[in-house]
Amino acid sequence: MRGWHDKYEQAGLTIVSVHSPEFPWEKPIDKVKGATVKLGIKYPVVQDNGFDIWKRYNVRAWPTLVLVDRRGIVGLYHPGNMTEEELSAAIEPALAPRQ
């Protein structure tokens, strides 16, 4: 995610990472804040201890990538990892100017 943030932020991509903890020790906000600093994460990270966002998007796997456009339309829903090329192929058309 950090690479895509660096590559596409100026083009209009906003990454919001949702942290839905798998284990109880992943729930404290101070641990999440510490991890974002340690990892150099510059985009927002939402703490979803109640799995509300997880449920809203019907997530069933870590990670799941959801690409939502400016209108709130889901353009990509992908459980599991994606290669940089696969995600770039989804991001770039979404950022292209509309005709």
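The values are calculated or read from the model by the stated rules, or taken from the named source; none is laboratory data. Remember, it's a predicted structure, so these values are computed and weren't measured experimentally. A quick note on method: Cβ atoms are made from the backbone with ideal geometry, for glycine too, and the neighbour counts reach across all protein chains shown. Surface accessibility is based on the protein's heavy atoms, side chains included, excluding ligands, DNA and RNA. Shrake-Rupley method; radii C 1.70, N 1.55, O 1.52, S 1.80 Å.
Structure above, values below:
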{"item": "Condition check for I53: surrounded by 12 or more Cβ atoms within 10 Å (Cβ to Cβ) and part of a loop (DSSP other than H, G, I, E, B)", "result": "no"}
{"item": "Filter result for E92 (of a type in the set (D, E, K, R), touching a strand residue (DSSP E or B) at 6+ places or on another chain (Cβ under 9 Å) and closer than 24 Å to A11 by Cα)", "result": "no"}
{"item": "Subset of segment 21-30 [exposed (fewer than 13 other Cβ atoms within 10 Å of the Cβ) and in contact with a helix residue (DSSP H, G or I) (Cβ under 8 Å, 6 or more places away or on another chain)]", "result": "W25"}
{"item": "Segment 57-74: number of residues that are surrounded by fewer than 10 Cβ atoms within 10 Å (Cβ to Cβ) and among the hydrophobic types (A, V, I, L, M, F, W, C)", "result": "2"}
{"item": "Members of segment 31-47 found to be open to solvent by less than 40 Å² (accessible area, probe 1.4 Å) and either within 19 Å of H78 (Cα to Cα) or polar (S, T, N, Q) (or both), listed by number", "result": "T36"}
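To keep it simple, each residue is scored yes or no on (1) touching a residue at least 24 places away in the same chain (Cβ under 8 Å); (2) more than 13 Å from the chain's Cα centre (by Cα).
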| position | (1), (2) |
| --- | --- |
| V46 | yes, no |
| W54 | yes, no |
| Y57 | no, no |
| R71 | no, yes |
| G75 | no, yes |
| G80 | no, no |
